[in-house]
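The values are calculated or read from the model by the stated rules, or taken from the named source; none is laboratory data. The shown structure was predicted, so the numbers you read here are calculated from the model rather than taken from an experiment. All Cβ positions, glycine included, derive from the backbone under ideal geometry; neighbour counts span all protein chains shown.
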Amino acid sequence: MVNELRDLMQRAVETPPTDDTDLSAVLRGGRQRVRRRRGAVVGTVAAVAAVTVGVGSLSWGGGTDPDRVANHTVPRPDGPVLHLGDAKPAVEGTDYDIVSSYTNKNLEARNGQYYNGVTDDGLILFQDGPHGIKNQVRLALLDPATNKLDWLPAYDLGTQQWPVALDRDRLVLLTATSDGGGAAQGVRALVYDRGTRTWSSMSWSGLPKGAEVWSAQVGPNGRLYLGVTATEGKPPPGGWPTGNGGEADDSGAEGDTYDLWSVSLDDAADVRDEQLRVGSFAFGDDTLVWSAATNGTNDRIHVRDLTTGDERDFDPHSGERCNLLGFGVTGDRIVLSQYCGDYDDGRDDRVQIVTTEGDPVTTIQGDGIEGQVAGGLVEVTSYDDRAGGTYVYDPAGGEFVRATKRLSSYGLGGPTPEGYLLWHTPVGKSGALGMRGRGATQWLARWRS
């Protein structure tokens with residue numbers, strides 16, 4: 001989407017990495033996993049931050065190719081389809097209740113304080129920073145019932161942290177390490193014991209290089225699972241063609257694959273090669289679900305029953321040009337966030353929902369949307385100027401509502417337990433690079449369904 005590079009550049013400015021931070025991890029991660037694109041962002045973060053031209057003037061190379069960039073209307077997906085205009089307005093007090101909110105008035109001037117997730121017992125992980133030359137970060141647990149902050153003991157948290165488990169007993173955050181020259185080298189876990197109020201750090205020497213922090217998930221067995229880069233799709237000779245919005249149209253791309261590994265969060269020597277090649281992967285209550293490829297086209301979904309070991313696979317019928325960029329599971333629903341190409345009448349972005357048996361549920365289709373599983377619901381983000389905001393689809397009942405009419409320009413959020421959602425709205429006047437407001441308000445909502 002046109003806004004994507006702009007958002008990445010803003011995140012690079014607001015959270016400058018230290019010298020030992022992997023630039024690719026910063027650009028992929030931010031405070032929340034962002035859409036991965038194939039157009040390489042080259043140079044240092046300082047160079048990225050210095051860009052002042054409009055995003056539309058940036059070129060990914062390749063030019064317009066009629067065989068790659070369609071010149072007709074956006075095609076209709078297979079199965080039932082919803083569009084943003086089909087969403088009903090969500091009503092506070094009927095559909096959801098606001099539990100807490102926090103406002104940063106000007107994130108262009110300096111970094112701020114953020115909600116970075118919600119624990120299983122309903123406390124908000126509250127982050128202050130990074131600030132200063134050393135990019136220091138403080139964390140607290142905020143009780144939304146009293147608005148009291150319990151600051152956690154000081155610890156070297158690094159600049160970028162990805163919360164992967166916010167339990168009643170402990171908090172687990174991940175950071176990416178490098179070889180000192182910017183190349184990804186490893187993953188480090190920061191573990192906070194809530195009972196003893198102590199931090200510890202662990203890494204796994206047996207975990208191969210190339211493990212992707214953004215892919216990390218804790219399985220039902222309590223182990224941490226990560227994808228280790230196996231194969232990467234490459235741009236065609238001459239680069240990707242330019243779509244109507246001025247960015248690369250890489251629809252129909254060859255996807256990437258990863259080898260699945262798991263590690264113990266209690267024993268640094270316990271590292272396992274799961275002997276499984278995956279694209280994206282996610283866990284249901286008692287299932288492991290994975291795609292054949294990610295960051296490109298995907299024609300196979302695999303489902304493994306973790307109790308019996310039985311496996312099945314199916315073609316999700318996503319469309320021949322649909323790149324899989326986001327993936328999640330809630331209950332017996334699989335959620336695929338996809339980019340399917342540029343057309344004369346807009347981008348074809350989709351949030352496709354199918355059952356674990358392969359049956360179509362619905363596809364939410366729009367220009368400039370992406371979706372993710374959050375709190376057991378499907379949270380759809382729209383970057384469109386007119387239909388922008390946060391939308392929520394309930395996979396259990398099929399309700400589709402619009403929660404907000406506006407969206408801030410900052411990548412804010414974090415993991416939430418069942419029934420809770422985090423979203424953000426803009427604050428103040430528009431800033432540089434066409435930012436939607438210089439600040440942002442984060443909202444924590446409890447969904448009533």
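Kindly evaluate Leu407 against the criterion of being surrounded by 23 or more Cβ atoms within 10 Å (Cβ to Cβ) and either at pLDDT 95 or above or of a type outside the set (Ser, Thr, Tyr) (or both). So that I can check it myself, show each step before the final result.
On the way: surrounded by 23 or more Cβ atoms within 10 Å (Cβ to Cβ): no; either at pLDDT 95 or above or of a type outside the set (Ser, Thr, Tyr) (or both): yes.
Considered against the rule, which asks whether it is surrounded by 23 or more Cβ atoms within 10 Å (Cβ to Cβ) and either at pLDDT 95 or above or of a type outside the set (Ser, Thr, Tyr) (or both), Leu407 comes out as no.
Of all residues in the range 263-280, which are farther than 26 Å from Tyr192 by Cβ and either assigned to a loop (DSSP other than H, G, I, E, B) or touching a Phe, Trp or Tyr at 6+ places or on another chain (Cβ under 7 Å) (or both)?
Taking the range 263-280 first, the residues farther than 26 Å from Tyr192 by Cβ are 273-280.
Asp273, Glu274, Val278, Gly279, Ser280, listed by residue number.
Per-residue answers, yes or no, for (1) crowded, with 20+ Cβ neighbours inside 10 Å; (2) more than 25 Å from Trp443 (Cα to Cα); (3) modelled with pLDDT of 95 or more:
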| position | (1), (2), (3) |
| --- | --- |
| Ser59 | no, yes, no |
| Gly62 | yes, yes, no |
| Ile98 | no, no, yes |
| Leu139 | yes, no, yes |
| Leu152 | no, no, yes |
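Kindly provide the set of residues from the range 410-449 that are part of a loop (DSSP other than H, G, I, E, B), out of contact with any Lys or Arg (no Cβ under 9 Å at 6 or more places or on another chain) and either crowded, with 21+ Cβ neighbours inside 10 Å or not polar (S, T, N, Q) (or both), ordered by number. Step through it out loud before you land on a result.
Filtering the range 410-449 down to residues part of a loop (DSSP other than H, G, I, E, B) leaves 410-419, 428-431, 435-438, 448-449.
Still in the running and out of contact with any Lys or Arg (no Cβ under 9 Å at 6 or more places or on another chain): 415-418, 448-449.
Answer for the range 410-449, where residues must be part of a loop (DSSP other than H, G, I, E, B), out of contact with any Lys or Arg (no Cβ under 9 Å at 6 or more places or on another chain) and either crowded, with 21+ Cβ neighbours inside 10 Å or not polar (S, T, N, Q) (or both): Pro415, Thr416, Pro417, Glu418, Arg448.
Tell me the residue from Glu357, Glu370 that is at pLDDT 95 or above, in a loop (DSSP other than H, G, I, E, B) and of a type in the set (D, E, K, R), please. Please lay out each step first, then the result.
Details: Glu370 fails: in a loop (DSSP other than H, G, I, E, B).
On inspection, the qualifying residue turns out to be Glu357.
Please indicate, with yes or no, whether at least one residue in the range 397-416 is more than 28 Å from Ser100 (Cβ to Cβ), free of Cβ contacts under 8 Å to residues at least 24 places away in the same chain and out of contact with any helix residue (DSSP H, G or I) (no Cβ under 8 Å at 6 or more places or on another chain).
In the first step, residues of the range 397-416 are kept if they are more than 28 Å from Ser100 (Cβ to Cβ); the result is 398.
When the remaining residues are screened for being free of Cβ contacts under 8 Å to residues at least 24 places away in the same chain, the result is none.
No: zero hits.
Just give me the residues in the range 404-444 being under 19 Å from the mean Cα position of the chain (by Cα) and of a type in the set (Gly, Ala, Ser), in sequence order.
Ser408, Ser409, Gly411, Gly413, Gly414, Gly419, Ala440
Taking the stated definitions as given, is Gly233 part of a loop (DSSP other than H, G, I, E, B) and surrounded by 17 or more Cβ atoms within 10 Å (Cβ to Cβ)?
Values: part of a loop (DSSP other than H, G, I, E, B): yes; surrounded by 17 or more Cβ atoms within 10 Å (Cβ to Cβ): yes.
The answer is yes for Gly233.
Looking at Thr381, Thr363, which is the one that is at pLDDT 95 or above, part of a strand (DSSP E or B), in contact with a Lys or Arg (Cβ under 8 Å, 6 or more places away or on another chain) and of a type outside the set (A, V, I, L, M, F, W, C)? Don't jump to the end; show me each part of the working.
Numbers: Thr381 fails: in contact with a Lys or Arg (Cβ under 8 Å, 6 or more places away or on another chain).
Just a single option satisfies the conditions, and that option is Thr363.
Where residues in the range 123-137 are of a type in the set (A, V, I, L, M, F, W, C) and farther than 17 Å from Arg194 by Cβ, which of them is modelled with the lowest pLDDT?
To start, the set of residues in the range 123-137 that are of a type in the set (A, V, I, L, M, F, W, C) comprises 123-126, 133, 137.
Imposing the further condition that a residue be farther than 17 Å from Arg194 by Cβ reduces the set to 133, 137.
Values: Ile133: 82, Val137: 90.
By that ranking, first place goes to Ile133.
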